[in-house]
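Q: Dumping the structure here so I can ask a few things about it.
The values are calculated or read from the model by the stated rules, or taken from the named source; none is laboratory data. Note that this is a predicted model, so its numbers are computed, not measured. Here Cβ is always computed from backbone atoms with ideal geometry, including for glycine, and neighbour counts include all displayed protein chains.
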Amino acid sequence: MKAYVFLVLNIFLTYIPQGLSFQSLMPSSVSDFTNLRTISKRQNKAIGILKSSKQQYETEIINNRNIFYGYDRPVVLLGCSSATGDELTKLAESLLLKTNSEKLGQVVHIKHQGLTDVWQLIEGKTFQWPSVLILDAGDSMESNVDDISFFNEHARKLYEDMGYLCVYVNVHSSILQENTIERKAKLENDTFLKYSDYEICIRDEGFVKDDTNNWEHIEWEFSRLLARAKLIPAIPGDKEQSANSAHLTMGQHTFFLSLSFSDVKEAEPYVEEMCQDIDAMEYRVDLLQCRESRFDLLYGMQLLRKYCRPYAIRSAGLPFGDTLIEDNMPIVFTVRTKNQAGTYPDDDKGITTMFELLSWGLRGGVEILDVESGWDATKTTSLLNRAQERYSSQILGSYHVVGKQIDIEDAVDLFTQCRFSGRAHGVKVVLSIESEAKDRMAYEAGLIASELAAMDGEPDIPTISLILGEVGQFSRVINFAFTPVTHQSLPFAAAPGQLTASEILTVRLLTGLLTKQQYCILGHNIAYSVSPQMHGAAFAATKLPHEYTRFDVSSVEDFIESEFFKSEDFGGASVTIPHKQSIMPYVDVITDAAKAIGSVNTLLVKKEFANDEFKRVIYGYNTDWLGIYRPLSRLLQNSVDSESDYALILGAGGTARAAAYAVSKLGLKCIYYNRTPSNAAILADSFGGSVVDTLEEHSDSGKSVCDILGGKGSLRLIISTLPATSNVLIPEWMLNSDGINPILFDVCYKPYSTPLLEQAEKAGWRVVRGSEMLWEQGTGQFEIWTERGAPYGIMKNTVLKNCLE
Ligand SMILES: *[C@@H]1O[C@H](CO)[C@@H](O)[C@H](O)[C@H]1NC(C)=O
């Protein structure tokens with residue numbers, strides 16, 4: 001508390017008289033760019049990777065896409081099960097259950113017999129995700145001289161020749177039988193580790209019969225690993241792929257907690273409170289007693305996730321199958337070396353093992369891997385290559401200057417070095433200073449380095465700029481992205497200068513660095529709207545001070561002329577019926593999606609600095625299409641044939657346009673039906689596709705759905721944008737037709753269920769309700785307004801609670 005009072009006073013005394021604002025935080029040395037640029041060019045060989053243009057980065061990343069992105073083939077489990085636990089088989093079966101795919105998936109054991117059958121299955125392509133192949137050398141195996149080479153050869157074939165996603169299920173030797181322990185020791189290095197990318201560790205969960213409490217988390221962890229493996233790769237500077245963008249993970253006013261315990265178990269009592277304030281946990285490997293044991297390190301990380309799960313309310317969802325994992329606390333995996341404010345040995349041997357530890361972090365499916373930027377260039381490059389080719393982890397390039405003050409040119413170079421020539425997703429540089437007068441140095445150097453990078457066409461990535469110690473406290477206040485913090489619930493004094501997230505937010509609020517913004521839903525007759533509850537809950541969970549209200553007017557001009565709109569505090573709005581089009585003349589910048597759809601459902605106010613003054617600019621987005629696109633892309637993943645798959649869109653209003661836009665992004669062809677066909681024809685003009693004049697199987701005009709599908713097409717999707725009262729029903733012939741059932745998406749969210757949804761559910765179709773669209777487009781709005789990940793579970797549950805009532 002003392003440090004905090006001191007800090008507030010300090011900031012008021014030092015900065016308030018000058019008038020503290022973003023403007024006063026602009027670096028004084030921006031004008032020295034050219035000079036800095038030359039210096040930085042000269043010294044920029046630090047990690048020995050040549051600069052390439054922005055375009056090259058992008059092609060490189062797309063070509064080397066994480067090989068498991070969009071993965072649709074079987075999963076392979078390698079390892080040794082215990083006699084009573086039968087861990088590999090249990091995990092395999094859990095996957096089929098969780099993906100609702102008992103029908104599609106199979107679990108096959110590769111044993112001595114039946115092998116030919118297994119390869120036939122594989123070659124016949126009947127064996128696909130979420131099927132599981134098990135290569136178990138565990139207790140149930142007869143030990144046999146050929147065992148080792150048998151397992152080695154088959155693992156190699158599956159991993160190298162087939163390119164399958166292989167997971168090593170590492171069951172602790174303490175629950176294995178004597179001969180299995182021996183076999184495991186022989187197989188571990190050259191088979192299990194060599195031929196797998198991920199690893200899950202099991203100590204004794206599932207060993208004791210009916211101890212389902214413990215086992216549940218192992219199944220969860222297995223799902224999480226597979227979800228990470230299949231996740232879209234993180235692209236540096238990417239601001240759109242919200243499932244894995246550093247821009248949101250390391251977003252504005254996000255915090256991570258540096259765990260300084262030597263045993264992760266000691267953290268358990270504090271986790272509940274800590275999770276209220278932070279967005280990620282830093283797993284400081286160098287501080288852990290067990291740092292030399294791969295099993296213990298990975299297992300410890302699993303424990304940490306397990307402790308956090310019930311409280312991980314700020315987490316953005318992690319897509320898995322057709323749902324999301326909502327209770328995952330992201331982990332930053334860090335091995336801090338001695339000369340960088342850590343404890344890991346930094347001699348040659350230490351650095352070699354440090355790189356090995358980092359690769360273990362990748363095997364554990366970490367969200368963020370902290371890579372110190374000052375070490376061996378070859379080792380660094382090979383780690384970055386491996387991460388980029390096979391994993392979805394984000395790379396945080398880091399450097400800590402301890403015990404000496406460097407000048408700003410060198411500081412800029414460090415930031416540049418940490419970008420790994422555009423391969424890092426975020427950078428973190430921590431400096432030391434001698435006097436408080438320099439406490440903006442890290443901030444300024446970070447800003448300059450970002451400008452230089454932009455001039456070189458490098459991606460715009462989150463920058464964490466800090467100064468060590470109490471003298472650097474202010475640097476933590478003005479560092480908005482992913483600030484490392486301590487927590488008030490922890491019993492020991494934090495490292496000098498460490499502040500808590502709530503201290504930092506309080507100071508930002510008091511000094512006007514963070515101001516309370518007003519948001520609203522703009523519409524007419526919107527008393528029913530659930531948006532105020534949903535966004536209110538999201539702001540509360542992320543500890544942002546903003547407010548969200550209803551603004552109910554019949555004419556959009558009443559809004560534009562209101563004090564609310566004109567106020568300095570106006571941060572943005574959700575826009576709904578009937579104002580989605582009429583608001584457009586008042587928007588300064590309309591995004592491409594909103595232009596194509598022809599309506600705006602989200603306003604964002606930005607204060608932009610130009611010609612020596614701040615100007616208010618209103619941006620207009622459309623997130624309605626995201627609300628349709630996201631759930632459907634999870635349900636349809638990888639199974640769309642853009643030649644023969646169709647979507648039928650009912651209705652021709654604004655939401656139908658968003659639906660057509662989403663369908664075009666999903667790669668299906670569109671069929672439109674509307675009572676007034678001429679309105680449907682306008683949609684077909686904008687987005688392509690065909691109009692039908694009836695939903696009956698046949699039509700005299702030759703323009704029925706059947707006619708368009710012909711013999712070859714298949715109807716994969718029906719999206720209804722009609723009101724619940726429209727009386728339009730799915731015709732019998734569609735309900736009874738052969739082939740894959742279509743998915744029915746009804747955008748109505750009140751009532752919770754509609755006649756269409758009931759019909760489809762009765763026929764056994766997959767359905768998506770309007771409530772899901774509501775929270776999915778809402779998370780999109782939240783991300784636009786706050787530039788950080790949305791608390792997915794909170795938003796979803798608030799909508800469901802209010803829709804089900
Ligand atoms: C496996 O590799 C590790 C690390 O390289 C080594 O310490 C260990 O002795 C190896 N085990 C066997 C059985 O070869």
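Q: Determine whether the range 201-219 contains at least one residue that is among the aromatic types (Phe, Trp, Tyr) and surrounded by fewer than 20 Cβ atoms within 10 Å (Cβ to Cβ).
A: At the first step, the residues of the range 201-219 found to be among the aromatic types (Phe, Trp, Tyr) are 207, 215.
Applying the additional criterion that residues be surrounded by fewer than 20 Cβ atoms within 10 Å (Cβ to Cβ) yields none.
No, because not a single residue in the range 201-219 is among the aromatic types (Phe, Trp, Tyr) and surrounded by fewer than 20 Cβ atoms within 10 Å (Cβ to Cβ).
Q: Here are some residues: 343, 352. Which one is farther than 23 Å from residue 231 by Cα, among the polar types (S, T, N, Q) and within 16 Å of the ligand (Cβ to nearest atom)? First the steps, then the outcome.
A: Numbers: 343 fails: within 16 Å of the ligand (Cβ to nearest atom).
Residue meeting the stated conditions: 352.
Q: Here's something else I'd like to know. Only one of (1) at pLDDT below 95; (2) of a type outside the set (Phe, Trp, Tyr); (3) more than 20 Å from the chain's Cα centre (by Cα); (4) closer than 15 Å to residue 424 by Cα is not met by residue 373, so which one is it?
A: (1)
Q: Looking only at the range 391-435, which residues are among the charged types (D, E, K, R), crowded, with 19+ Cβ neighbours inside 10 Å and part of a helix (DSSP H, G or I)?
A: As a first pass, look at the range 391-435 and keep what is among the charged types (D, E, K, R): 404, 407, 409-410, 413, 419, 423, 428, 434.
This time we only want the ones that are crowded, with 19+ Cβ neighbours inside 10 Å, so: 413, 419, 423, 428.
Selection gives 413 alone.
Q: Let me ask you something else. May I ask you to list pairs of residues, at least six apart or on different chains, whose Cβ atoms are under 7 Å apart, with the first in the range 438-460 being under 12 Å from residue 411 (Cα atoms) and the second being of a type in the set (Gly, Ala, Ser) and in a helix (DSSP H, G or I)?
A: Every condition considered, the pairs that remain are 441/411; 442/411; 442/475; 443/475; 444/29; 445/411; 448/29.
Q: Conditions first: (1) within 16 Å of the ligand (Cβ to nearest atom); (2) in a loop (DSSP other than H, G, I, E, B); (3) over 27 Å from residue 301 (Cα atoms). Residue 141 passes all but one, so which condition is the exception?
A: (1)
Q: Would you confirm, using the coordinates I've provided, whether residue 320 is modelled with pLDDT under 95 and more than 16 Å from the ligand (Cβ to nearest atom)?
A: Working: modelled with pLDDT under 95: yes; more than 16 Å from the ligand (Cβ to nearest atom): yes.
Yes; evaluated as a whole, the condition is true for this residue.
Q: Still on this structure: Taking the options 724, 680, name whichever one is more than 21 Å from residue 632 (Cα to Cα), surrounded by 17 or more Cβ atoms within 10 Å (Cβ to Cβ) and under 37 Å from the mean Cα position of the chain (by Cα).
A: After applying the criteria, what remains is 680.
Q: Only one of these is within 29 Å of the chain's Cα centre (by Cα) and at pLDDT below 95: 607, 615. Name it. Even if it seems obvious, please write down each step before you answer.
A: Numbers: 615 fails: within 29 Å of the chain's Cα centre (by Cα).
The match here is 607.
Q: Please go through the range 68-85 and pick out each residue that is buried (at least 18 other Cβ atoms within 10 Å of the Cβ) and more than 16 Å from residue 165 (Cα to Cα).
A: Scanning the range 68-85 gives 80, 81, 82, 85.
Q: While we're here: Out of everything in the range 167-185 that is over 37 Å from the mean Cα position of the chain (by Cα) and within 13 Å of the ligand (Cβ to nearest atom), what residue ends up being farthest from residue 79 (Cα to Cα)?
A: Residue satisfying both the conditions and the ranking: 182.
Q: Right, something else. I need a count of the residues in the range 186-214 that are at pLDDT 90 or above, away from the ligand (no atom under 16 Å from the Cβ) and acidic (Asp, Glu).
A: The number of residues fulfilling the criteria is 3.
Q: So which residues in the range 424-474 are of a type in the set (Gly, Ala, Ser) and touching a strand residue (DSSP E or B) at 6+ places or on another chain (Cβ under 8 Å), if there are any at all? Full working, then the answer.
A: Narrowing the range 424-474 to residues of a type in the set (Gly, Ala, Ser): 424, 426, 432, 435, 437, 442, 445-446, 449-450, 453-454, 457, 465, 469, 472.
Within the range 424-474, 424, 426, 432, 442, 445, 446, 449, 450, 465, 472 meet the criteria.
Okay, residues lined up against (1) among the aliphatic types (A, V, I, L, M); (2) without any contact (Cβ under 8 Å) to a residue 12 or more places away in the chain:
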site: 693; (1), (2): no, no
site: 713; (1), (2): no, no
site: 716; (1), (2): no, no
site: 721; (1), (2): no, no
site: 738; (1), (2): no, yes
site: 742; (1), (2): no, no
site: 757; (1), (2): yes, no
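Q: For residue 148, work out the one condition from (1) within 16 Å of the ligand (Cβ to nearest atom); (2) modelled with pLDDT of 90 or more; (3) touching a helix residue (DSSP H, G or I) at 6+ places or on another chain (Cβ under 6 Å); (4) not basic (Lys, Arg) it doesn't fulfil.
A: Every listed condition holds for residue 148 apart from (2).
Q: What's the number of the condition residue 290 fails, among (1) within 16 Å of the ligand (Cβ to nearest atom); (2) in contact with a His (Cβ under 6 Å, 6 or more places away or on another chain)?
A: Of everything listed in (1) within 16 Å of the ligand (Cβ to nearest atom); (2) in contact with a His (Cβ under 6 Å, 6 or more places away or on another chain), residue 290 misses just condition (2).
Q: Could you please give the count of residues in the range 322-369 that are assigned to a strand (DSSP E or B) and either crowded, with 24+ Cβ neighbours inside 10 Å or of a type in the set (A, V, I, L, M) (or both)?
A: Step one: of the range 322-369, the residues assigned to a strand (DSSP E or B) are 323-325, 331-334, 337, 344, 368-369.
From what is left, the residues that are either crowded, with 24+ Cβ neighbours inside 10 Å or of a type in the set (A, V, I, L, M) (or both) are 324-325, 331-334, 368-369.
Matching residues across the range 322-369 total 8.
Q: Which members of the range 520-543 meet the condition of being assigned to a loop (DSSP other than H, G, I, E, B), under 23 Å from the mean Cα position of the chain (by Cα) and surrounded by 21 or more Cβ atoms within 10 Å (Cβ to Cβ)?
A: Within the range 520-543, 542 is the sole residue that qualifies.
Q: Here's a follow-up. List every residue pair whose Cβ atoms sit under 8 Å apart, with the two residues 6 or more apart in sequence or on different chains, where the first one lies in the range 392-415 and is on the phi < 0 side of the Ramachandran plot and the second, anywhere, is in a strand (DSSP E or B) and basic (Lys, Arg).
A: Listed by first residue and then by second, the contacts come to 396/428; 397/428; 398/428; 399/428.
Q: Test residue 661 against the stated conditions and say whether it is within 23 Å of residue 779 (Cβ to Cβ), in contact with a helix residue (DSSP H, G or I) (Cβ under 7 Å, 6 or more places away or on another chain) and in contact (Cβ under 8 Å) with a residue 40 or more places away in the chain. Full working, then the answer.
A: Values: within 23 Å of residue 779 (Cβ to Cβ): yes; in contact with a helix residue (DSSP H, G or I) (Cβ under 7 Å, 6 or more places away or on another chain): yes; in contact (Cβ under 8 Å) with a residue 40 or more places away in the chain: yes.
Judged against the criteria, residue 661 is a match.
Q: Now, a different point. Among (1) assigned to a helix (DSSP H, G or I); (2) in contact with an Asp or Glu (Cβ under 8 Å, 6 or more places away or on another chain), there is one condition residue 315 misses while meeting the rest; what is its number?
A: (1)
Q: Hey, another quick one. Condition (residue is modelled with pLDDT of 95 or more and within 29 Å of residue 310 (Cα to Cα)) applied to the range 175-185: is it met by at least one residue?
A: No: zero hits.
Q: What are the residues in the range 554-575 that are buried (at least 19 other Cβ atoms within 10 Å of the Cβ) and touching a residue at least 40 places away in the same chain (Cβ under 8 Å), if any? Even if it seems obvious, please write down each step before you answer.
A: We begin by selecting, within the range 554-575, every residue buried (at least 19 other Cβ atoms within 10 Å of the Cβ); these are 556, 559, 565, 570-575.
Scanning the range 554-575 gives 570, 571, 572, 573, 574, 575.
Q: With respect to residue 375, is the statement that it is more than 16 Å from the ligand (Cβ to nearest atom) and aromatic (Phe, Trp, Tyr) true?
A: On the way: more than 16 Å from the ligand (Cβ to nearest atom): yes; aromatic (Phe, Trp, Tyr): yes.
Criteria met by residue 375.
Q: With the structure loaded, tell me whether residue 217 is touching a residue at least 40 places away in the same chain (Cβ under 8 Å), closer than 29 Å to residue 423 by Cβ and away from the ligand (no atom under 16 Å from the Cβ) or whether it fails that test.
A: Working: touching a residue at least 40 places away in the same chain (Cβ under 8 Å): yes; closer than 29 Å to residue 423 by Cβ: no; away from the ligand (no atom under 16 Å from the Cβ): yes.
No, not satisfied.
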